[in-house]
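Data block below; observations after.
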Amino acid sequence: MWRAPGRVNLIGEHTDYNDGFALPFAIGAGVCVAAAVREDGILALTSRQQGEDVVAVPVESLVPGKPGGWAAYPAGMAWALLSAGHPIGGASLAIDADLSAGAGLSSSAALECAAGLALAGLYQLEVPRAELAALGRRAENDFVGAPTGLMDQLAVLLCQAGHGLLLDCRTGAGTAVPLDTAAAGLGLLVIDTRARHELTGGEYGNRRHACEDAARAMGVQSLREVTDASVLSQLSDPVLIRRARHVITENRRVLDAAELLRAGHLDRIGPLLTASHSSLRDDFEVSWPEADAAVEAALGAGALGARMTGGGFGGSVIALVPAAATADVTAAVWATFARRGWRRPDIAPAEPSPGACRLS
Ligand code: GLA
């Protein structure tokens, strides 16, 4: 049995595919895979959350797009391992999860990485975690068809308990930074707004293209190379200016947050989180009404900072909250949602947790 956690991205959104910085941490909820070798070359997949029907495909005949739906994530991982020359054969994978899909907590990377570790484990292959993360991204980009970056897979595979992971997405290097909320008398609440997102939809890809267009127009390889926002005056399209400004300022916020965490000042990162949200809402335009309302309600009730987390267009908000204000923040968010006639969000504290592992 293998298990991979979901992640919360503390800060650094839509920076990964721009070769920039991000600072995710793994959470307690995740995806489990019980796995066994099969001699008949079939990849047989079943999921407790998906009705327990079995999706069965010969491993050698996996091609992008088939199977589709939830099974594309583990099947895509098998396909990516094989395409990279790792000799895997048939396997039965039974999947169970306590992480909701579409909540912006990286259920897809958790599923890919749990399946990838299981397949590598069954066939006794030594696949370094950085390589497995890249194969997970390949599965998602080329098999599932979602043009995502590498942050989620790296977070799921490399995070450590009690720490965030400062990722340099240009090199793929991750550095643990202390993130001990309890010791600071704080909590990181995850507010699942219940609005659901789909990263295979066009908006995520549009943002990605806009960033590439902006980089090209400024004559740089990636937006990571731009650190001075005054360079934006080289752009004429106001939309590209906003998109690029988000990425440039967000990279700075990630580095500032990491520095504060290293210096033991978790209590001071709140304004960076809130500024990140404003930038995602106004410049990158990937927030959604429930997220904006949750952020505003949390801040009004004593949160030190709050922001949407993940790709956007639905999913979750995080709020950094003094332990004593947790009940007030929760009540304020619930009241706001009730007033608007929205479903009551799930609200739970997230603990920075260990990355993926073999259970037995
Ligand atoms: C999704 C993608 C990531 C990243 C975030 C936005 O989670 O899977 O690669 O781009 O959105 O930061």
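The values are calculated or read from the model by the stated rules, or taken from the named source; none is laboratory data. On a predicted model such as this, the values are computed, not experimentally measured, just so you know. Using ideal geometry, Cβ is built from the backbone for each residue, glycine included, and neighbour counts are taken over all protein chains shown. Just so you know, the surface numbers come from the protein's heavy atoms only, side chains and all, with ligands and any DNA or RNA stripped out. Shrake-Rupley method; radii C 1.70, N 1.55, O 1.52, S 1.80 Å.
Just a few scattered comments:
- Pairs where the first residue, in segment 145-168, is within 29 Å of ALA72 (Cβ to Cβ) and modelled with pLDDT of 95 or more and the second is of a type in the set (Lys, Arg) and away from the ligand (no atom under 14 Å from the Cβ), C-beta under 8 Å, 6+ apart: LEU157/ARG129; LEU158/ARG129
- Residue count for segment 296-307 under the criterion of being over 18 Å from ILE248 (Cα atoms), touching a Leu at 6+ places or on another chain (Cβ under 9 Å) and open to solvent by less than 20 Å² (accessible area, probe 1.4 Å): the result is 4.
- Listing of strands (runs of 3 or more DSSP E) fully contained in segment 1-107 that carry 3 or more residues being under 17 Å from the mean Cα position of the chain (by Cα) and surrounded by 23 or more Cβ atoms within 10 Å (Cβ to Cβ): 2-11, 21-38
- Filter result (crowded, with 21+ Cβ neighbours inside 10 Å and part of a loop (DSSP other than H, G, I, E, B)) within segment 269-286: ILE269, PHE284, VAL286
- Residue within segment 200-212 that is part of a loop (DSSP other than H, G, I, E, B) and open to solvent by less than 20 Å² (accessible area, probe 1.4 Å) present: no
- None of GLY121, GLY145 is within 14 Å of the ligand (Cβ to nearest atom), of a type outside the set (Lys, Arg) and surrounded by fewer than 18 Cβ atoms within 10 Å (Cβ to Cβ) except GLY145.
- LEU166 passes every criterion in (1) open to solvent by less than 30 Å² (accessible area, probe 1.4 Å); (2) over 15 Å from the mean Cα position of the chain (by Cα) apart from (2).
- Pair list, Cβ under 9 Å, 6 or more apart: segment 294-309 residue assigned to a loop (DSSP other than H, G, I, E, B), other residue of a type in the set (Lys, Arg): LEU304/ARG268
- Some residue of segment 136-153 being among the hydrophobic types (A, V, I, L, M, F, W, C) and in contact with a strand residue (DSSP E or B) (Cβ under 7 Å, 6 or more places away or on another chain): yes
- Any chance LEU232 is more than 16 Å from the ligand (Cβ to nearest atom), modelled with pLDDT under 95 and part of a helix (DSSP H, G or I): yes
Per-residue answers, yes or no, for (1) away from the ligand (no atom under 16 Å from the Cβ); (2) touching a helix residue (DSSP H, G or I) at 6+ places or on another chain (Cβ under 6 Å); (3) touching a residue at least 12 places away in the same chain (Cβ under 8 Å):
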site	(1), (2), (3)
ALA263	yes, no, no
GLY311	no, yes, yes
LEU320	yes, yes, yes
TRP334	yes, no, yes
PHE337	yes, no, yes
GLU351	yes, no, yes
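- Check on VAL127, away from the ligand (no atom under 11 Å from the Cβ) and either closer than 24 Å to ILE191 by Cα or part of a loop (DSSP other than H, G, I, E, B) (or both): yes
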